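Engineer: Sending over a structure as structure tokens; questions will come in a sec.
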Amino acid sequence: MGTQALAKGTAKVPVVLHLDHGTTKEKIFQAIDFGFRSVMIDASSYSFEENVKRTKEIVDYAHLRGVVVEAELGKLAGIEDNISVSSRDASFTEPDQAAEFVERTGVDSLAIA
């Protein structure tokens, strides 16, 4: 039995499908349309303004469909979900920037570095 079938009610415990570290609009929209109830957009490799733009687009699409959105701001060194960040490119999240990001995008949760 597939994960989607479990999430649709055959499981005896609550199940939700979450897409972690989605990097393209197409894949994230596909996951939402497939039935994922939670997605993460990881546009942390872009500038702050581009991250805001990309995240806002996902939030607008997702919220119309009752899907929650997590985003990422800042970059920790290392490899996670096939996304590699060198220690030279790592950057911590500025608290004031995080507040602005959440306000401008309407994201439900924020992964910070």
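The values are calculated or read from the model by the stated rules, or taken from the named source; none is laboratory data. Remember, predicted model here, so these are calculated numbers, not experimental data. Don't worry about glycine lacking a Cβ; one is built from the backbone with ideal geometry, like all the others, and counts go over all protein chains shown. The accessibility values were calculated without ligands, DNA or RNA, using every heavy atom of the protein model including side chains. Shrake-Rupley method; radii C 1.70, N 1.55, O 1.52, S 1.80 Å.
Engineer: Scan around A111 for amide H atoms under 5 Å from its own, H built in the peptide plane at 1.01 Å from N, and keep only partners 5 or more places away or cross-chain.
Structural biologist: Amide H neighbours of A111, under 5 Å, 5+ apart: A71, E72, L73.
Engineer: Label-point separation (nm) for S47 and F34, each offset 7 Å from Cα along Cα-to-Cβ?
Structural biologist: Those two pseudo-labels are separated by 3.3 nm.
Engineer: Quick one: how many Å² of R37 are accessible to a 1.4 Å probe, rounded to 10?
Structural biologist: Around 100 Å² of this residue is reachable by solvent.
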